[in-house]
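Undergrad: A single structure is presented below for examination.
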């Protein structure tokens with residue numbers, strides 16, 4: 001279930017690394033998108049819609065929409081579909097618009 005090729009984004013998977021998602025340690029490949037690593041780990045819900053709180057998964061997967069906004073290393077509103085995975089990242093589900101800490 002890993003995204004290996006993309007028609008627009010060019011990313012190459014490097015060595016296997018670990019990162020944290022909502023307090024759980026997961027594995028991915030350095031250089032792939034965070035969304036790709038989450039998808040491969042079985043994560044299908046990226047966030048909730050603002051008004052009705054409906055689950056949102058990957059939509060455009062090219063950084064144009066806001067369906068994949070998450071908190072990465074304490075920074076809110078990161079589009080994880082285009083953010084490259086690095087070892088030790090802390091990724092959290094974002095509720096609402098996101099607030100700077």
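Undergrad: Could you please give the count of residues in the stretch 44-61 that are out of contact with any helix residue (DSSP H, G or I) (no Cβ under 8 Å at 6 or more places or on another chain) and either at pLDDT 90 or above or assigned to a loop (DSSP other than H, G, I, E, B) (or both)?
TA: Final tally of qualifying residues: 11.
Undergrad: Another question, if that's okay. Starting from the stretch 79-96, keep only residues that are on the phi > 0 side of the Ramachandran plot, then list their pairs with residues that are in a loop (DSSP other than H, G, I, E, B) whose Cβ atoms are within a distance under 9 Å, requiring at least 6 positions of separation or different chains.
TA: Matching pairs, first to second residue: 88/73; 96/50.
Undergrad: Within the group 64, 77, which residue is under 27 Å from residue 7 (Cα atoms), part of a loop (DSSP other than H, G, I, E, B) and out of contact with any helix residue (DSSP H, G or I) (no Cβ under 9 Å at 6 or more places or on another chain)?
TA: 64
Undergrad: Do any residues in the stretch 1-25 that are under 18 Å from residue 45 (Cβ atoms) have Cβ atoms under 6 Å from those of residues that are in a loop (DSSP other than H, G, I, E, B) and modelled with pLDDT of 65 or more, where the two are at least six apart or on different chains, and which pairs are they?
TA: Every condition considered, the pairs that remain are 19/89.
Undergrad: Anything in the stretch 29-43 that is outside any loop (DSSP other than H, G, I, E, B) and over 17 Å from residue 71 (Cβ atoms)? List them, or say none.
TA: 29, 36, 39, 40
Undergrad: Restricting to the stretch 42-60, give me the number of residues that are surrounded by 12 or more Cβ atoms within 10 Å (Cβ to Cβ), in contact with a strand residue (DSSP E or B) (Cβ under 7 Å, 6 or more places away or on another chain) and more than 17 Å from residue 24 (Cα to Cα).
TA: The total comes to 2.
Undergrad: Which of the residues spanning the stretch 84-101 are closer than 25 Å to residue 30 by Cβ and surrounded by fewer than 13 Cβ atoms within 10 Å (Cβ to Cβ)?
TA: Within the stretch 84-101, 87, 88 qualify.
Undergrad: Could you tell me whether any residue of the stretch 63-83 is more than 16 Å from residue 22 (Cα to Cα), crowded, with 20+ Cβ neighbours inside 10 Å and out of contact with any strand residue (DSSP E or B) (no Cβ under 8 Å at 6 or more places or on another chain)?
TA: no
The values are calculated or read from the model by the stated rules, or taken from the named source; none is laboratory data. Everything quoted here is computed from the prediction, not taken from an experiment. As a convention, Cβ positions derive from the backbone with ideal geometry for all residues, glycine included, and neighbour counts pool all protein chains shown.
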